[in-house]
Amino acid sequence: MPAACDSVLEDIEDIVSAEDLKPHDRQFVRKNVFPKVRKRSSQNIQADNDPPSDSVIPGVQKIWIRTWGCSHNNSDGEYMAGQLASYGYKITDNSAEADLWLLNSCTVKNPAEDHFRNSIKKAQEGKKKVVLAGCVPQAQPRQDYMKGLSIIGVQQIDRVVEVVEETIKGHSVRLLGQKKNNGKRLGGARLDLPKIRKNPLIEIISINTGCLNACTYCKTKHARGDLASYPIEELVDRAKQSFQEGVCEIWLTSEDTGAYGKDIGTDLPTLLWKLVEVIPEGAMMRLGMTNPPYILEHLEEMAKILNHPRVYAFLHIPVQSASDSVLMDMKREYCVADFKQVVDFLKEKVPGITIATDIICGFPGETDEDFQETVKLVEQYRFPSLFINQFYPRPGTPAAKMHQVPAAVKKQRTKDLSQLFHSYSPYDHKVGERQRVLVTEESFDSNYYVAHNPFYEQVLVPKDPLLMGKMVEVSIYEAGKHFMKGQLVSDARLYTASITKPLAKGEVSGLTEEFRHAAQNGTNWKANPSAETSLETPLSSWLTLQLPWQQEGDGLKILSVSLALLAVLVMFYYGVMKTER
């Protein structure tokens with residue numbers, strides 16, 4: 001089959017594990033941890049084939065990055081790749097030749113974590129250095145299979161260079177803290193960090209992290225936490241920068257885009273109208289997943305925005321179940337009537353809109369009657385994009401402790417719903433239409449280019465290099481379950497959305513003059529003992545490399561802390577010398 005389905009978000013939400021230290025406990029532990037010199041036997045030294053850390057030159061190694069999960073996670077992976085490449089590391093697609101594997105995980109489903117765990121094992125078998133990232137280690141960093149491995153937290157991705165550098169030297173570093181400003185939690189690392197876009201034509205912008213819900217099945221909240229939104233001006237600046245680098249499509253992503261701004265006194269429509277102002281002609285914006293309760297508050301404004309010619313008439317609204325009793329057990333904070341109200345309103349006000357949704361089959365306590373309600377909902381709306389998920393109990397979630405539906409029943413319900421989904425063809429009636437499409441990528445089989453029409457429906461077009469990154473008109477001549485095929489019309493005009501030529505694949509985005517100057521003249525170093533490191537962190541890693549996007553505070557403070565640390569090191573040295581005498 002020629003094309004592949006879209007890789008659409010699998011975002012859900014996230015909580016903090018009861019076994020994790022509380023902030024004040026963590027502070028107490030930090031104050032009472034002192035560096036300890038470990039003596040190694042000559043036998044152990046001979047058995048260790050790694051060179052001593054002092055002889056390792058960071059910034060020249062090859063790094064392989066593997067990301068699982070949602071578009072938010074993919075954006076984090078792009079940012080980490082950009083920073084590492086900016087510092088001199090080579091990002092490679094060949095895992096075998098890499099010196100270090102950076103594994104960026106997803107905690108939504110058991111299979112994703114299984115792949116993550118297996119990759120760790122494979123890396124260790126291949127004698128690779130390993131750094132763990134993403135939601136799995138953030139939520140449960142004390143799992144046995146992560147022992148002794150470095151971890152970069154989801155809000156600490158701007159410090160990935162430090163963690164990789166220390167790991168290459170043979171140290172284990174864990175940075176799991178939260179970004180805060182005057183005690184208030186921030187959305188995460190800065191948006192203007194260097195990044196390497198997986199697709200130079202598409203910019204993924206995380207507008208907020210975390211959510212306001214506490215769904216009983218969700219593990220993501222353990223990692224991403226409560227809602228924290230980025231300011232509108234920072235998001236608009238990021239969009240402007242992206243278009244100046246040749247991007248022609250932006251995706252807004254988060255664990256729940258509909259909740260954006262509730263923590264900072266604004267809302268999603270206000271942000272979207274500001275973003276629409278900076279989208280150039282021929283470029284498009286795609287909205288991310290939103291839960292029903294929050295979009296209900298803004299239906300009128302959202303309909304106007306989704307009708308805008310530079311915004312895809314597409315929305316991902318997870319329903320999860322059409323049974324109110326199941327939704328109550330999930331703690332979804334809406335009923336099926338709320339979902340229907342949203343869908344019906346948008347279908348009326350935004351003609352042709354694509355509504356994508358998610359369904360969980362076999363949630364604990366789901367009866368045959370509950371499941372049949374879900375089947376009826378799919379029959380009624382015939383969603384063109386439907387993500388069907390068999391329920392997996394995630395450790396540490398309330399749903400994992402509930403009475404489980406038998407595995408065979410869950411499997412059968414998943415199969416039945418999948419058969420229903422594949423029984424109808426959503427695009428057959430569009431054969432013969434002329435559609436305006438934006439071409440952004442290559443199909444998985446490499447035989448076509450992939451474009452999307454105004455409803456974010458996938459259209460395969462001829463593989464002509466002149467079309468990439470362009471908006472063009474096509475005639476639909478064939479339709480499949482997940483795609484249509486289009487041929488250029490004879491009078492087709494090519495619209496170039498990009499303000500400038502797109503970056504080359506693998507090229508680093510967002511390199512400011514500040515960073516270019518620092519890269520040419522050497523980087524600055526300052527003491528940073530305030531970072532939230534684990535007990536496995538060596539004292540040497542307290543003297544952390546500060547890249548331009550990490551520097552803050554004045555020089556006097558830097559000098560004071562540096563002198564204090566120097567005094568500690570001198571006292572420690574004389575103490576050792578005195579002991580040896």
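The values are calculated or read from the model by the stated rules, or taken from the named source; none is laboratory data. Everything numeric in this text was worked out from a predicted model, so none of it was measured. Positions of Cβ are backbone-derived with ideal geometry, glycine not excepted, and every protein chain shown enters the neighbour counts. We work out accessible area using only protein heavy atoms, side chains counted, and drop any ligands, DNA or RNA first. Shrake-Rupley method; radii C 1.70, N 1.55, O 1.52, S 1.80 Å.
Data for the structure
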quantity	calculated
Any hit, region 179-196, residues being over 18 Å from ASN73 (Cα atoms) and hydrophobic (A, V, I, L, M, F, W, C)	no
Close pairs (7 angstrom Cβ cut-off, 6 or more residues apart or separate chains): touching a residue at least 24 places away in the same chain (Cβ under 8 Å) and on the phi > 0 side of the Ramachandran plot in region 353-381, open to solvent by 10 Å² or more (accessible area, probe 1.4 Å) and among the charged types (D, E, K, R) anywhere	GLY362/LYS410; GLY362/ARG413; GLY365/ASP329
Selection within region 327-357 - within 24 Å of GLN412 (Cα to Cα) and either open to solvent by 10 Å² or more (accessible area, probe 1.4 Å) or outside the structural domain of LEU287 (by the TED database) (or both)	MET328, ASP329, VAL336
Conditions (1) more than 13 Å from the chain's Cα centre (by Cα); (2) within 30 Å of TYR392 (Cβ to Cβ); (3) part of a loop (DSSP other than H, G, I, E, B): number failed by VAL60	(2)
Pair list, Cβ < 7 Å and 6+ apart or interchain, from region 98-112 residues that are assigned by the TED database to the domain that holds ILE151 to residues that are among the acidic types (Asp, Glu)	ASN104/ASP76; SER105/GLU113; THR107/GLU113; VAL108/GLU10
Residues within region 309-332 that are β-branched (Val, Ile, Thr) and not in a loop (DSSP other than H, G, I, E, B), tallied	2
Conditions (1) modelled with pLDDT of 95 or more; (2) open to solvent by 30 Å² or more (accessible area, probe 1.4 Å): number failed by ILE499	(1)
Residue match in region 463-474 (condition: over 20 Å from ALA239 (Cα atoms), surrounded by fewer than 21 Cβ atoms within 10 Å (Cβ to Cβ) and among the β-branched types (Val, Ile, Thr))	no
Region 278-299 residues that are more than 18 Å from VAL343 (Cα to Cα) and in the same structural domain as GLY210 (by the TED database), paired with ones that are assigned to a helix (DSSP H, G or I) and open to solvent by 10 Å² or more (accessible area, probe 1.4 Å) (beta carbon under 8 Å, 6 or more apart)	VAL278/VAL236; VAL278/LYS240; MET285/VAL276
Single residue of region 430-462 satisfying the filter (open to solvent by 40 Å² or more (accessible area, probe 1.4 Å) and hydroxyl-bearing (Ser, Thr, Tyr)) that is farthest from MET484 (Cα to Cα)	SER446
Count of residues meeting criterion [assigned to a helix (DSSP H, G or I) and open to solvent by less than 20 Å² (accessible area, probe 1.4 Å)] in region 376-390	2
Residue, surrounded by the fewest Cβ atoms within 10 Å (Cβ to Cβ), within region 300-316, restricted to residues that are hydrophobic (A, V, I, L, M, F, W, C) and free of Cβ contacts under 8 Å to residues at least 60 places away in the same chain	ALA303
Selection from region 238-277 of residues that are buried (at least 18 other Cβ atoms within 10 Å of the Cβ) and farther than 29 Å from SER321 by Cβ	ARG238, ALA239, SER242, PHE243, GLU245, GLY246, VAL247, CYS248, GLU249, ILE250, LEU271, LEU275
ALA356 outside any helix (DSSP H, G or I) and within 14 Å of LEU377 (Cα to Cα)	yes
Residue check, ALA189 closer than 20 Å to THR257 by Cβ, open to solvent by 40 Å² or more (accessible area, probe 1.4 Å) and of a type in the set (Gly, Ala, Ser)	no
